[in-house]
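Taking it in order: structure first as structure tokens, then the write-up.
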């Protein structure tokens, strides 16, 4: 009987000791203190902002001809994958080719006219030189009368021939410039009569048929780039100030749970959206699409925009951080079975864990406070 009593006393003592260890801050009957000891760990910490939206193309193009006319050929169909530079459609270019040929012929004619005028100018200069010589000889010999008059007339005629040759060259050069401009314009119209793919993509739609007569405003082909897409998400005005262009984003697609995508913030729309009194801002996230991923335009997706991240830092739960009377961040540390208040410097937080820059060591034990109060409204543990 005595041994049984001793065993009961020992067992009761162990139970009481365990109870005290689990709830070391029990305060009478007013509060049920569920504080726990947690270890300071070293791990990675990522702070992100979440938003949802739909997948859209980031590059697309409504392709048109640069000139009007009759559609001579359509070389693609809806759904075709085309490479950049591929010819997609062509106008009837017979009239344009004729205009180009005529303009090129005008260039040749103008060049020939210039050459002829330059030859005439050379001859006129030679005639002027001879006329000047003849006139000087008669003047030196003091010869007057008929011969002197003829020499003067020949000199004037030679001077006029040079002026005429110069004017002919200027006129021919003007014709050459006009002809060259006509060639450039004809070539431009000829080039614009052909539509080529500006990038590698997929033909989303073809709006005309061969034989149709179109204008320069008629859209012929709608081309989209499925290699790069974007996700437009709406973020609360409170979160937007932390978002910057170029930040990394992890994208999860609802319909493709096994697909892992990573993108970057491409743009932040400056004009807000008002929904039910809530101010939202659109943020575009650009990303590359893996081949055969199954991703389609319009699919629902969520993005976690990484606004801060740390690797191999000291972490504790957010709730262990308190403020002392001086406004310092403090924690309660278990040291030699005694609780000691210690000032710490904190860094980023994801709402659950917070980075400890200084004040703690890996492996130390700190108190996390989770009290259920009955009559007291005292805010947390009484740190002094």
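Just one residue in the set 339, 280, 295 is farther than 21 Å from residue 45 by Cβ, outside any strand (DSSP E or B), touching a residue at least 24 places away in the same chain (Cβ under 8 Å) and touching a strand residue (DSSP E or B) at 6+ places or on another chain (Cβ under 7 Å); that residue is 295. Per this entry, residue 98 is not counted among residues that are at pLDDT below 95, surrounded by fewer than 18 Cβ atoms within 10 Å (Cβ to Cβ) and not assigned by TED's automatic domain parsing to the domain that holds residue 185. Could you identify the single residue in 179, 172, 158, 184 that is free of Cβ contacts under 8 Å to residues at least 40 places away in the same chain, crowded, with 17+ Cβ neighbours inside 10 Å and out of contact with any strand residue (DSSP E or B) (no Cβ under 9 Å at 6 or more places or on another chain)? Of 179, 172, 158, 184, the one residue that is free of Cβ contacts under 8 Å to residues at least 40 places away in the same chain, crowded, with 17+ Cβ neighbours inside 10 Å and out of contact with any strand residue (DSSP E or B) (no Cβ under 9 Å at 6 or more places or on another chain) is 158. Conditions: (1) at pLDDT 95 or above; (2) surrounded by 14 or more Cβ atoms within 10 Å (Cβ to Cβ); (3) farther than 18 Å from residue 53 by Cβ. Residue 312 meets all but one. Number of the miss? Of the numbered conditions (1) at pLDDT 95 or above; (2) surrounded by 14 or more Cβ atoms within 10 Å (Cβ to Cβ); (3) farther than 18 Å from residue 53 by Cβ, the odd one out for residue 312 is (2). Suppose the filter is modelled with pLDDT of 90 or more and in a loop (DSSP other than H, G, I, E, B); does residue 245 pass it? Spelling it out, residue 245 is indeed modelled with pLDDT of 90 or more and in a loop (DSSP other than H, G, I, E, B). Does residue 274 satisfy the condition of being in the same structural domain as residue 257 (by TED's automatic domain parsing) and either outside any loop (DSSP other than H, G, I, E, B) or at pLDDT 95 or above (or both)? The answer is yes for residue 274.
The values are calculated or read from the model by the stated rules, or taken from the named source; none is laboratory data. This one's a predicted model, so the numbers in the text were calculated from it and none came from an experiment. With ideal geometry, Cβ positions are generated from the backbone for all residues, glycine too; neighbour counts draw on all protein chains shown.
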